[in-house]
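The values are calculated or read from the model by the stated rules, or taken from the named source; none is laboratory data. Worth saying up front: this structure is predicted, and the values here are computed from it rather than measured. Glycine gets a Cβ as well: all are built from the backbone with ideal geometry, and neighbour counts include every protein chain shown. Only protein heavy atoms, including side chains, enter the accessible area calculation; ligands, DNA and RNA are left aside. Shrake-Rupley method; radii C 1.70, N 1.55, O 1.52, S 1.80 Å.
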Amino acid sequence: MAIKDLSNLVFLLLTPALLFRTMSGVHVEQLDFRPVAAYFLAVIILFGATLLVQGFNRRAAVLALATTFSNTVMIGIALVGLMYGPAGLVTLLTLVSVHSLVLLTSATVVLELAVAHEQKLGGAGSLADTPRHPVATVLMAVKNALLHPVPLPIMAGLLFAQTGWVIPAVLDKPLELLANAFGPLALVLVGVTLANTPVGKHWRQALALASVKNLLHPLLVYGLCRLLGVTGLPMTVMVVASALPIGANVFLFSQRYKVAEELITASVAVSTALALLSLTLVLLLVGPAS
């Protein structure tokens, strides 16, 4: 219960305060989507390669999501905010604003197609006893991705910024205090969750999956950024974002589609622990504030 209460505090109060306050002074014309394009191009390559190697099925789709879905909120926002300040945070939040929407909706489409494919083949574990309409499922995924405590305050903050207004001091000070509390408490929550996550017999597979996410993903993003001419702080933030561990939403997908649940749980834990090393290596590659 204590972990759940801490999670609710971070997600429902501290996160919206930080995101709204950060984006409330950013004008749309200041946003650069080239780094985001490089990031998602790497995602497409990794996701497609995983499906190609593993085959077109639910398990492969969930593993593909695990190799591409970063923990951009709990760890990413705290880390980038502490290391690169408001400028780095704006770059990251440009990604965060579409990260879940694009990845989770795309994963839903692939998973629903995989389910339909398994039902057509009549294979075991095809979820044939739980029929659903793919369009309705995708629309629900889009709705859930938008009506969420992460994209909503980002969009609200951007809309507020376009008005030219300034947050009154009487409101800005409490928002600042809440925003400043996000980083430490988010990292505490990550540590508590990690300590209570079993790894078990899947540690070898989990380590392989975590290595792709924590090492191959950022290397690919780095190469694509160089190819597309993205340099400086935007490149650094995108590479750091891609080196972040697997996000918890992947486990929710594995639960929903009843596939690789224990492996994904172990992979999230191993990936988070491995990030202590992989993020250090990535920062040495791109430089602390290049």
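Between the helical axis of 217-228 and the dominant principal axis of the chain, each derived from Cα atoms, what acute angle in degrees is found, rounded to the nearest 10? With rounding to tens, the tilt is 60 degrees. Can you find, among CYS225, ALA181, THR265, the residue farthest towards the positive end of the dipole of the chain? Put +1 on the C-beta of Lys and Arg, -1 on that of Asp and Glu. Of the options given, the answer is THR265. When all alpha carbon pairs of the range 1-121 are counted in 10 Å bins from zero, the resulting P(r) reads 12, 34, 29, 20, 5, 0 %.
In the set (i) 25, 22, 20; (ii) 38, 21, 17; (iii) 31, 21, 20, the label that goes with semi-axes √(5λ) of the Cα gyration tensor in Å computed for this structure is (iii). Largest mean-square fluctuation among THR231, THR91, THR22, in a Gaussian network model of the chain whose springs join Cα atoms under 10 Å apart, belongs to THR231. With R₀ fixed at 51 Å, the C-beta to C-beta distance from ARG204 to ILE167 puts the FRET efficiency at about 0.50. Using just its DSSP H runs of length 4 or more, each adding -39500 (n - 2.57), the chain gives a mean residue ellipticity at 222 nm of -24000 deg cm²/dmol after division by all residues. Take the chain with all the other protein chains still there, run a 1.4 Å probe, and you get 47 Å² of accessible area per residue. The calculated FRET efficiency for LEU139 paired with PHE56, based on their beta-carbon distance and R0 = 30 Å, is about 0.85.
Computed over protein heavy atoms with a 1.4 Å probe, the carbon and sulfur contribution to the accessible area of the chain reaches 71%.
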